[in-house]
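Take a look at the structure below.
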Amino acid sequence: MDVGDIMSSPVYTIEPEENVAHARRLMLKHRISTLVVTRDDKMIGIVTKTDLSRRLAQAEPMWRRRPIDKIPVNMVMNDAPISIYPEASIRQASNLLLENGINSLAVVKDNVVGIITGTDIMKYISQQEIGTKVSEVMGDDMVFVHRHHTINHVIQEMEKYGVNRVIVTDDSDEAVGIITTSNVALSIMVDNEGKLPSKSIKMTRRSSPAGQKNFRYVKEVPLVAEDIMSELPSSVDIDDLVVHAAKVMIKEHVISLPVVNADGIVGVVSRKDILKAAD
């Protein structure tokens, strides 16, 4: 079995002058994480959910405040995408993804014929008989944020530690959720009026004797971690096989899982970790 057997096809494309809002809509509509950027039917770049989150977060503040329907895809895309040929081995594809810290490869034979992602390889692994345990591949890069930390802080922590997900904790240091680059990509963008994401909080006085609350005012505050986090997915035991972890990730549509032992969460196993077991 080779890359051509497990790649995703057809490929969804977008023009470089089209805006980020359109790219986001395509990703949501087709439940995909990668778009090939083309001009005159030739690939000139790739844009992913990670690009949408990291590139916009790293931009200058005034630029980031541009409405998302005014930001062209060519300002956030990767204009030097790495490609692979359909006859290449799955191990070669996995190594390219891991070595370059990416999750998508364009599959090219004359023209782009498909996309192979870490999820495609993970699905392949889930169907194999592999004896590797979660403990052998999981990383030690578990990063925590508080549920009241701002989204900007979450992004900074992801960048600082080079991770694509963080665990969200409450005041008791209990894990209550998880945030991935996908959560960030679909949440941090400004609206069509150029406003940064925020929420309204009604500040109230004490109840009157009749039990009626009197509202003081509405305060606009930045979105925080708990506003965009997802529920914690199912956990896997540190002694489970990676094949089992891959199956759970696919079933729950997540890219990482908490790893537990008798004492609780001891780490996180990610899609990147699972790729290390590819043959």
Subject >> Residues of region 136-176 satisfying the condition of being at pLDDT 90 or above, out of contact with any strand residue (DSSP E or B) (no Cβ under 8 Å at 6 or more places or on another chain) and assigned to a helix (DSSP H, G or I) >> reply: Glu136
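Taking region 81-132 only, how many residues are among the basic types (Lys, Arg) and out of contact with any helix residue (DSSP H, G or I) (no Cβ under 9 Å at 6 or more places or on another chain)?
1
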Original post:
Within the set of pairs 6+ apart or on separate chains, which have a first residue in region 151-178 that is closer than 15 Å to Ile265 by Cα, a second that is of a type in the set (Lys, Arg), and C-beta atoms under 8 Å apart?
Top reply: Val168/Arg147; Thr169/Arg147; Asp170/Arg147; Val176/Arg147; Gly177/Arg147; Ile178/Arg165
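The values are calculated or read from the model by the stated rules, or taken from the named source; none is laboratory data. All figures in this text were calculated on a predicted structure; none of them were measured in a lab. Note that each Cβ is placed from the backbone with ideal geometry, even for glycine, and that neighbours are counted across all protein chains shown.
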